[in-house]
Amino acid sequence: MKTKKVSLAVWIFAGMILGILVGIAFQKNPAFAVNYIKPFGTIFLNLIKTIVVPVVFCSIISGVMSMKDIKKVGTVGVKTVVFYTVTTCIAVTLGLVFANVLNAGGGFKLTGEALAYEAKEAPSFMETFVNIFPSNFIQPLANATMLQVIVISLLFGFGVISAGEKGQPFANFIDSATEVCIKVMEIVIRLSPIGVFALLVPVIAENGIDILMPLLRLIIVIYITYIVHMVVVYSFAAKSMARLSPLKFFKGMAPAMTMAFSSASSVGALPLNIECCEKLGARKEITSFVLPLGATINMDGTAIYQGICAVFIAQVFGIDLTIGQQVTIVLTATLASIGTAGVPGSGMIMLSMVLQSVGLPIEGIALVAGIDRILDMGRTTVNITGDAACTVCVSAMEDKRAAGKVN
Ligand code: ASP
């Protein structure tokens, strides 16, 4: 299983290198690349577009349904969800700030028609607000209007909870559909090497190799943000809420972080994460609830990645993002990260949702797809460290509460 995953990463990388080489070869005849190779890239993007709506729809309903259990778990559940949501919002905001300040796109602008894109006029704030709410059930799903799909999913999730017993068959269907969607997503991810190749060839043929320079800058900006987020936010949380020195926290977390970095899967790193947190003093009943939930819904690294990539793609396409659009990115990246499965590459699929929510061209994914594995390793490390920070904090708070009750 593990070798399969590694080999996919190698294949994607090979697809990128081959795409660059073939792109250079076609620089004298870009029309051929655009007419005959690009369509395969378009098919790949269309498949991503097709799967993202069912994934979001099912996984958000599943997430809301699991709130029923959270209610049972009471205060621990509330604290966990608050911690997860707040840190994810901080993560994506930090990502947007760093992407703007450090100019993630590096002043590079695309030329040529391979990824040509016409900027749409941004709607006003009130219009955006009204547009969050759907006026019918089918249209948002058909057009992949992401915020409306999220609202529908949330409503249905709450509907399932209120329906109680009678809602159970629907709940079972959604649980099973979520599993199926994840499998379909894995199939699409397996096509990435071909997709990356077919999308890169026309881009390189039309723009030359210079287009790749901003990618190095993008990797650096994203990694700086990953590190700042972990060092500042998690250290502060561990110190202030769990009275744990940051050094001790990160030292204790090193094995799980290494596992996450090399496997690029939060779910894969889960067993080791549980062990590390327990060694750091977290209670068993807390780790067994907070960590699996975190591996499913708490993805700070993914949120940072999605926020920065959205700004990067906007910059490269020469689109100015309004403040309203950036706020929308915070909202959708937070929700997209919740909907991201803890397996390699899923954050990239969900990036299309963030791009679509503010009208950015999803063709931009082609630019970052080739380096996705490098970004995925870092974001998964941040994801699981965030889960662990929450676990030690909630556990310390529960210890305090229990001690208070005894006294
Ligand atoms: N690979 C990430 C994880 O497992 C998810 C992502 O692709 O962003 O946490």
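The values are calculated or read from the model by the stated rules, or taken from the named source; none is laboratory data. Bear in mind that the values here come from a model prediction, so they are computed numbers and not experimental data. When we count neighbours, we look across all protein chains shown, and the Cβ atoms used for this are built from the backbone with ideal geometry, even at glycine. Ligands, DNA and RNA are excluded from the accessible area calculation, which covers all protein heavy atoms including side chains. Shrake-Rupley method; radii C 1.70, N 1.55, O 1.52, S 1.80 Å.
I'd like the distance between the alpha-carbon centres of the stretch 148-211 and the stretch 239-301, rounded to an integer number of Å.
Here the two parts' Cα centres lie 26 Å apart.
Classify the stretch 218-260 as rounded, prolate or oblate from the Cα gyration tensor: take a ≥ b ≥ c as the square roots of its eigenvalues, call it rounded if a/c is under 1.5, otherwise prolate when a/b beats b/c and oblate if not. Kindly include the intermediate steps, with their values, before the conclusion.
Numbers: a/c = 3.45, a/b = 1.45, b/c = 2.38.
Oblate.
To the nearest 10 degrees, how steeply does helix 246-263 sit against the main Cα axis of the chain, on a 0 to 90 scale?
Helix 246-263 sits at roughly 50 degrees to that axis.
Checking the table LYS248/LYS279; LYS239/LYS400; LYS251/LYS279; LYS239/LYS279; LYS68/LYS284 against a 19 Å threshold on Cα-Cα, which pairs fail? Display every interim value, and only then the final one.
On the way: LYS248/LYS279 11 Å; LYS239/LYS400 15 Å; LYS251/LYS279 11 Å; LYS239/LYS279 17 Å; LYS68/LYS284 21 Å.
Check vs 19 Å cut-off fails for LYS68/LYS284.
Whole number please: convex hull volume per residue of the Cα set in the stretch 254-307, in Å³?
So the per-residue Cα hull volume is 76 Å³.
Can you bin the stretch 270-402 into rounded, prolate or oblate? Criterion: square roots of the alpha carbon gyration tensor eigenvalues sorted a ≥ b ≥ c, rounded for a/c under 1.5, prolate for a/b above b/c, oblate for the rest.
Numbers: a/c = 3.28, a/b = 2.16, b/c = 1.52.
In terms of gyration-tensor shape, prolate.
With springs only between Cα atoms under 10 Å apart, run a GNM on the chain and tell me which of PHE129, PHE261, PHE312 wobbles the most.
Looking only at PHE129, PHE261, PHE312, the largest GNM fluctuation is found for PHE129.
Quick check: convex hull over the Cα atoms of the stretch 334-392, volume per residue in Å³, rounded to an integer?
Residue-normalised Cα hull volume stands at 75 Å³.
Within the accessible area of the chain, what % is carbon and sulfur when the probe is 1.4 Å and the other protein chains stay in place?
On the way: 12550 of 18100 Å².
Carbon and sulfur: 69 percent of the exposed surface of the chain.
Can you work out the FRET efficiency for the pair THR85 and ILE187, with r the C-beta to C-beta distance and R0 = 25 Å, to the nearest 0.05?
Efficiency, from the Cβ-Cβ distance: 0.20.
How much accessible area per residue does the stretch 134-276 have, in Å², with a 1.4 Å probe?
48 Å²
Which whole number in µm²/s is D for the stretch 163-284 by Stokes-Einstein, with the Kirkwood Rh taken over Cα pairs at 20 °C and 1.002 mPa s?
Working: Rh = 19.0 Å.
Once the numbers are plugged in, D ends up at 113 µm²/s.
Be a star and scan the stretch 310-351 for residues whose amide nitrogen sits under 18 Å from the point 7 Å along the Cα-to-Cβ vector of SER66.
Output list for this probe position: 334-347, 350.
If r is the Cβ-Cβ distance from TRP11 to THR50 and R0 is 30 Å, what FRET efficiency results, to the nearest 0.05? Mind showing how you got there, number by number?
On the way: r = 22 Å, r/R0 = 0.73.
So, using R0 = 30 Å, E works out to roughly 0.85.
So how much slack lies between LYS400 and ALA254, counting 0.36 nm per residue of separation and subtracting their Cα-Cα distance, in nm?
49.9 nm
Expressed as an acute angle from 0 to 90° and rounded to the nearest 10, what is the orientation of the C-alpha long axis of helix 2-25 relative to the principal long axis of the chain?
30 degrees
Give the Rg/Rh ratio for the chain, taking Rg as the radius of gyration of the Cα atoms and Rh as the Kirkwood radius, to two decimals.
0.98
Cα axis of helix 146-163 to longest principal axis of the chain: angle in degrees, 0 to 90, nearest 10?
Long axis of 146-163 versus the principal axis of the chain: about 30 degrees.
Give the residue from MET299, ILE209, SER135 lying farthest towards the positive end of the charge dipole for the chain; charges sit on Cβ (+1 for Lys and Arg, -1 for Asp and Glu) and the dipole is referred to the Cα centre.
MET299
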